[in-house]
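The values are calculated or read from the model by the stated rules, or taken from the named source; none is laboratory data. Just so it is clear, the model here is predicted, and its values are computed rather than measured. Areas reflect the complete protein model, heavy atoms only, side chains present, ligands, DNA and RNA absent. Shrake-Rupley method; radii C 1.70, N 1.55, O 1.52, S 1.80 Å.
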Amino acid sequence: PDPPLKQKTPPRRIISTALLTEYAYLLKPAQGRLYCITDVKELHDWHVDKCNKHPLFRCLSADEIQDDPCVDAMQTTTEESQKVDRAGSSKYYTVYQRIPDEECAAVKTAHNCFFSNA
């Protein structure tokens, strides 16, 4: 879990450029997916901002994820999602896909980022 939302916590949050680069390195280009879900709007906005800025991920549309069983699972079957449902809170989610290497002019930069943050 991410630390509480305070002014000084952004550097300690789980989603960061370095971690996204590691995910991109491990996920299969054009197929690997990154699922982000939270009940905290500010944290969701943080995830979206970081993922949208990363050169190796693209946000999938509602049409692209409508038949993805993982989206349904993360919204309904996890212990945390059920806890959020019982509390009557909202859930915020987004799904990103690892883009093909040939579609990204910044692949070399992202690759270098992976090794420089080790």
ask   = Which whole-Hz couplings ³J(HN,Hα) result when phi for each residue of the stretch 16-25 is put into the Karplus expression 6.51 cos²θ - 1.76 cosθ + 1.60, θ = phi - 60°, listed in order with x for Gly and Pro?
value = 9, 4, 4, 5, 4, 5, 5, 4, 4, 5
request  = At a Cα cut-off below 20 Å, give the aspartates and glutamates reachable from residue 91, other chains included and same-chain residues fewer than 8 away excluded.
outcome  = 2, 39, 42, 45, 49, 63, 64, 67, 68, 72, 79, 80
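Taking all protein chains in place and a 1.4 Å probe, what share, in percent, of the accessible surface of the stretch 24-111 do carbon and sulfur account for? Spell out each step's value before the answer.
On the way: 2690 of 5440 Å².
Within the stretch 24-111, the accessible surface is 49 percent carbon and sulfur.
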